[in-house]
Amino acid sequence: MATSVSHPSEPVQLSELWRDPYPAYRYLREHDPVAWVPEAGRYLVTRFEDIMHVERHPETYLSAENPSLMTRSIGETLLRQDGAAHQRLRRAAEPPLRPRVVKEHWLPTLRRNAEDILAPLVEQGGGDLFHDVAGPFAARNLAALLGLRGVSDADMQEWSQAIIDAGGNYGEDPEIWARCARAVTDLDAAMDEVLPVLRREPDPSVISSMLHADDPLTEDEIRTNIRVFLGGGLNEPRDSMAVAAYALLTHDDQRRDVEADPALWKRVFEEAVRWISPIGMYPRRVAERTELGGRVLEAGDKLGVVIASGNRDERVFDRPDAFDIHRAETSHVAFGGGPHFCLGTWVSRAAVGQIGLPLLFRTLSGLRLTETDVPFGGWVFRGPLRLTAAWSPS
Ligand code: HEM
C-alpha cells in the first residue's frame, strides 16, 4: 500500500549534487527513494529496483516531455518520443551500431583513431588525458560513426557541449541558446556536405543508414536526430575513458591485474560506468496515476531516473562505492534499459574497453597521475574535469 514518505529536513540542493551526488543518493535510497526535489522540479528515483520498474513500464513512464529544453533547442528527437514513432526512428539509426557491425567494420577505425591520437603524445612525456586523449578520441570516433567528414575534433566537442548546455538551460541564459543555435547551423552545414554523397554511395554510417532504411527518414528528421547523437554520443565515452584511467591510476593492484590479464579490460570499462556513471540521470513523465517506491504519482509528474544512484545501490552491489573490477555482481544500468537502451553501448565497449584503454596504458608507458586530487563535476552528466598525468618519453 502506498504511504507518504517524509521529506528530508533539508531538500537536496543541485549544487551539492553537482559537487558530489553520492552522499545525497545514499541518503535518498535509504529514506526517500522517490524524493521530490523542488530545485529540479521532479521526483528523483534512486533505487535500482524502482529504476528497473520504470524501464519495464514505458507506457506509464513516458520519455516525451513537453515543454522540453532539449526539444526546444534541437527539435523532436527519438530520445523524447515513445511507442511507434520512437521505434521508427530507432530502427533507422541502429543497424550500424550492432555488435556484429562494430566488430566487422568499426574496430579498425577505432584503433586507427586511438593510435593517431596517442602516437604524437609519447614524446611530450605529460599532458591532460581528459583533454588530449579522451575528448579527441570520442569526437573522432563519433564523426566516423555518424558519417560526418572533414569536421575537426574541436568542432565536434564544441557542438556537443553547446547542445548539452542548451538541454540544461533552466536559467534561460541567452548566450547558451545562441551558442546552441550556432552549433546547429554549423552541424547542418556539415550534413549538407555528406547527405548527397551518402544518398548516392551508401556506407555503414548512421546517416547513411537513416537515408537508406526500409522506412527512410526525411532529411529534416535526419538532421534533428543526428543532433541528439552529438549531444549524447561524445561526452559519455570521453568521461568513461577518463574515469576508467583515473580508477586504474589510483588502484595499483587492479592495474597490475589487468596488465597481467588483458581479458579484464572489459571489466574495467563496465565497472567504470557503474562506479561513476557518465549519464547520471535522465527524465521521464508519468502518464497515469500510479505508485512507485511507496509514493503515489499523478499523471504529468516529472521524474529523474537516477541511474548513477541505482548503480551504487547497496541492495544490489556489495561495497557499492568501491571501484572493483573483480566484483561478483556486474549488471548495471549505466546504459539505461527499456526501449531507449543506449544505441552506442556496443561501440563504446569496443572503443573504450577493448581499444582506447589498453592502448593508452601500453603506449604511454610508466603512466602516472601528477595531480592526485582530481576534480570531478556534474550529476546529470558526470566525469573528471581534467586528468593531468606524466609518462616516460621513449
Ligand atoms: C559510455 C558510453 C555511453 C553511455 C554510458 C551512454 C548512456 C546512455 C543512456 C543512459 C541512455 C538512455 C537515455 C534515456 O533513456 O533517456 C542512452 C541513450 C542513447 N545513446 Fe548512449 N551512452 C553512451 C555512448 C553512446 C554513444 C557512443 C552513442 C552514439 C554512437 C550513443 C547514442 C545514444 C542514443 C542515440 C540514445 C537514445 C536511444 C533511444 O532514444 O532509443 N550513446 N545512452
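The values are calculated or read from the model by the stated rules, or taken from the named source; none is laboratory data. Predicted, not measured: the structure shown is a model, and the values here were computed from it. Virtual Cβ from ideal backbone geometry, glycine too; neighbours counted across all protein chains shown.
The table below gives the values:
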quantity: Cross-chain or 6+ apart pairs with Cβ under 6 Å, the stretch 83-102 first and among the basic types (Lys, Arg), then within 11 Å of the ligand (Cβ to nearest atom); calculated: Arg90/Leu78
quantity: One residue from Val273, Val258 being within 13 Å of the ligand (Cβ to nearest atom), modelled with pLDDT of 95 or more and either surrounded by 23 or more Cβ atoms within 10 Å (Cβ to Cβ) or in a helix (DSSP H, G or I) (or both); calculated: Val273
quantity: Selection count where residues are touching a residue at least 24 places away in the same chain (Cβ under 8 Å), more than 13 Å from the ligand (Cβ to nearest atom) and of a type in the set (A, V, I, L, M), scope the stretch 198-216; calculated: 2
quantity: Count - residues of the stretch 84-101 that are away from the ligand (no atom under 12 Å from the Cβ) and of a type in the set (Gly, Ala, Ser); calculated: 1
quantity: Test: residue in the stretch 201-209 that is crowded, with 19+ Cβ neighbours inside 10 Å, over 30 Å from Ser15 (Cα atoms) and of a type in the set (A, V, I, L, M, F, W, C); calculated: yes
quantity: Test for Arg267: is it basic (Lys, Arg) and surrounded by 20 or more Cβ atoms within 10 Å (Cβ to Cβ); calculated: no
quantity: Filtered residue count, the stretch 333-348, keeping only those that are assigned to a helix (DSSP H, G or I) and either away from the ligand (no atom under 13 Å from the Cβ) or crowded, with 21+ Cβ neighbours inside 10 Å (or both); calculated: 2
quantity: Unmet requirement for Pro108, which otherwise passes all of (1) part of a helix (DSSP H, G or I); (2) in contact with a Gly (Cβ under 8 Å, 6 or more places away or on another chain); calculated: (2)
quantity: Unique residue being of a type in the set (Lys, Arg), touching a His at 6+ places or on another chain (Cβ under 8 Å), over 19 Å from Leu234 (Cα atoms) and touching a residue at least 24 places away in the same chain (Cβ under 8 Å) when the list is Arg284, Arg267; calculated: Arg267
quantity: Verdict on Arg312 being more than 9 Å from the ligand (Cβ to nearest atom) and without any contact (Cβ under 8 Å) to a residue 12 or more places away in the chain; calculated: no
quantity: Restricting the stretch 280-323 to residues that are in contact with a Phe, Trp or Tyr (Cβ under 6 Å, 6 or more places away or on another chain) and assigned to a strand (DSSP E or B), the residue that is surrounded by the most Cβ atoms within 10 Å (Cβ to Cβ); calculated: Val305
quantity: Verdict on Arg295 being under 26 Å from Arg349 (Cα atoms), charged (D, E, K, R) and more than 11 Å from the ligand (Cβ to nearest atom); calculated: no
quantity: Leading residue by the ranking (surrounded by the fewest Cβ atoms within 10 Å (Cβ to Cβ)) among those in the stretch 354-386 that are in contact with an Asp or Glu (Cβ under 8 Å, 6 or more places away or on another chain) and closer than 22 Å to Gly232 by Cα; calculated: Arg386
quantity: Cross-chain or 6+ apart pairs with Cβ under 9 Å, the stretch 115-139 first and part of a strand (DSSP E or B), then of a type in the set (Ser, Thr, Tyr); calculated: Gly126/Thr370; Gly126/Thr388; Gly127/Thr388; Asp128/Thr388
quantity: Pairs where the first residue, in the stretch 143-155, is touching a residue at least 60 places away in the same chain (Cβ under 8 Å) and the second is away from the ligand (no atom under 11 Å from the Cβ) and polar (S, T, N, Q), C-beta under 6 Å, 6+ apart; calculated: Ala144/Thr109; Gly147/Ser208
quantity: Segments classed as helices (runs of 4 or more DSSP H), wholly inside the stretch 1-102, with at least 2 members that are charged (D, E, K, R); calculated: 14-19, 22-31, 48-56, 83-93
quantity: Residue that is over 26 Å from Leu359 (Cα atoms), surrounded by fewer than 24 Cβ atoms within 10 Å (Cβ to Cβ) and of a type in the set (D, E, K, R), where the choices are Asp252, Asp214; calculated: Asp214
quantity: Residue count for the stretch 198-250, restricted to those that are in a helix (DSSP H, G or I) and closer than 17 Å to Glu271 by Cβ; calculated: 13
quantity: Residue check for Ala162: small (Gly, Ala, Ser), assigned to a helix (DSSP H, G or I), without any contact (Cβ under 8 Å) to a residue 12 or more places away in the chain and away from the ligand (no atom under 16 Å from the Cβ); calculated: no
